[in-house]
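The values are calculated or read from the model by the stated rules, or taken from the named source; none is laboratory data. Predicted model only: the values in this text are computed from it and were never measured. Cβ atoms come from the backbone with ideal geometry, glycine included; neighbour counts cover every protein chain shown. Note: areas computed on protein heavy atoms with side chains; ligands, DNA, RNA excluded. Shrake-Rupley method; radii C 1.70, N 1.55, O 1.52, S 1.80 Å.
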Amino acid sequence: MADDFCLFSKDSIIKPPKASPMMLRMVVLIFAMVCGVYICSIGLKQIGVHSSGRIVSVHVVEKPCEATDIEPSEKPYVHFPKPKTFNRAECACNPVRNFAILSTQRSGSGWFETLLNSHMNISSNGEIFSVKVRKSNVSTMLDTLDKLYNLDFFTSASKNECTAAVGLKWMLNQGLMQNHEQIVEYFKTRGVSAIFLFRRNLLRRMISMLANSYDQSAKLVNGTHKSHVHSPKEAEMLASYKPTINTTLLIPNLKQVDNMAIKAVQYFNSTRHIILFYEDIIKNQTILNDVQDFLKVPRRDLHSRQVKIHKGTLSSQVENWVDVEKTLKGTPYESFLHSDYKI
């Protein structure tokens, strides 16, 4: 009877199917991934809310170069240029001094500049203002100086990133005297040091001027005009010409050059400057140490390949020497007849 009440046999009881372990794992993994993504998204939003203001205001600040171990009086003359045309790399914080050689033609400035450029840390870039367009007005001149002293003016003398002193050769008649007020102000503002280079014997300078002018058309050295030479043979060829000096204009011309040099020193007297004479350097080249000290560069033995053209006594270099001698005797310029130096 008991069996009659049993509607289903033991074997006929329906059991729920077992869930696949793999399926369960997949469900748990997907759930965990969804939760993780959700939590991360909330966290990122919170970070964004708290830090968005700071991100906008963050700027990379480059540490400025400092002039250390330099006397306070020297700091206006120390610069750390940032060229637009190249990167100074490891020399970015090496200080640079600005200078200008102020002189007159045929006063030894070309020779002097080659001496400076033989120094590995000095870059003197020649007569930049011999090019007419660069001296057309004072604004153009100052813009050119800006480019030069920022190390963005390239010549064969450029030393690029590790230059310690950069400058140019500037003749007094290349817009310098006409615009001296603005240029003096520029020198003082930009810390430019002036190196005056003159000749004591202006008669020797005149002979050199006349000979150089003659060679522009005569081209004595193999049909080529040479203002400077690098061999004794070429120097001898140029020195073979003996100019005839106009004695009527001799004293006025000497006086004009002399006065121009005096005025230049007066105009630039308020700038940092040094006054040199070609003859003094010829006699005593230890003066070049003074120049290197003036530019605050390490002392080096300076050299030049240029060979002097006119040597010996003046009487052998002028066609009408007797007339010149008569004209200068008894004048303030008589000493030019006798002041010679050994080469």
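Is one or more of the residues making up the stretch 96-116 open to solvent by 60 Å² or more (accessible area, probe 1.4 Å), not aromatic (Phe, Trp, Tyr) and not in a helix (DSSP H, G or I)? Within the stretch 96-116, none of the residues are open to solvent by 60 Å² or more (accessible area, probe 1.4 Å), not aromatic (Phe, Trp, Tyr) and not in a helix (DSSP H, G or I). Between Asn269, Asn253, the distinction of being of a type in the set (S, T, N, Q) and within 24 Å of the chain's Cα centre (by Cα) belongs to Asn269 only.
Among the residues of the stretch 179-226, those identified as among the charged types (D, E, K, R) and in contact with a Lys or Arg (Cβ under 9 Å, 6 or more places away or on another chain) are Lys188, Arg199, Arg204, Arg205, Asp215, Lys219, Lys226. Would you confirm, using the coordinates I've provided, whether Leu302 is touching a residue at least 60 places away in the same chain (Cβ under 8 Å), assigned to a loop (DSSP other than H, G, I, E, B) and of a type outside the set (Asp, Glu)? Yes, satisfied. Of the residues that sit in the stretch 59-75 and are part of a loop (DSSP other than H, G, I, E, B) and open to solvent by 100 Å² or more (accessible area, probe 1.4 Å), which one is modelled with the highest pLDDT? The selected residue is Glu71. Among residues of the stretch 206-217 that are under 19 Å from Trp321 (Cα atoms) and open to solvent by 30 Å² or more (accessible area, probe 1.4 Å), those with a Cβ under 8 angstrom from a residue that is of a type in the set (Ser, Thr, Tyr) and modelled with pLDDT of 95 or more, sequence gap 6+ or separate chain, pair up as Tyr214/Tyr241.
Would you say Ser193 is hydroxyl-bearing (Ser, Thr, Tyr), outside any helix (DSSP H, G or I) and closer than 22 Å to Ala89 by Cβ? Here the answer is no, as Ser193 does not meet what is asked. Would you say Asn253 is out of contact with any Gly (no Cβ under 7 Å at 6 or more places or on another chain), open to solvent by 20 Å² or more (accessible area, probe 1.4 Å) and without any contact (Cβ under 8 Å) to a residue 12 or more places away in the chain? Criteria not met by Asn253. Looking only at the stretch 313-329, decide whether some residue is among the small types (Gly, Ala, Ser), at pLDDT 95 or above and loosely packed, with under 13 Cβ neighbours inside 10 Å. No: the stretch 313-329 contains no residue that is among the small types (Gly, Ala, Ser), at pLDDT 95 or above and loosely packed, with under 13 Cβ neighbours inside 10 Å. Scanning the stretch 206-250 for residues that are over 35 Å from the mean Cα position of the chain (by Cα) and of a type in the set (Val, Ile, Thr) yields Thr244, Ile245, Thr247, Thr248. Among the residues making up the stretch 276-292, a single one is part of a helix (DSSP H, G or I) and of a type in the set (Ser, Thr, Tyr): Tyr278.
The set of residues in the stretch 151-181 being farther than 19 Å from Ser130 by Cα and either of a type outside the set (D, E, K, R) or touching a Ser or Thr at 6+ places or on another chain (Cβ under 7 Å) (or both) consists of Leu151, Lys159, Asn160, Cys162, Thr163, Ala164, Ala165. Within the stretch 268-283, being modelled with pLDDT of 95 or more and open to solvent by 60 Å² or more (accessible area, probe 1.4 Å) holds for Asn269, Ser270, Ile275.
A single entry from Phe153, Phe129 fulfils the requirement of being assigned to a loop (DSSP other than H, G, I, E, B) and surrounded by 18 or more Cβ atoms within 10 Å (Cβ to Cβ): Phe153.
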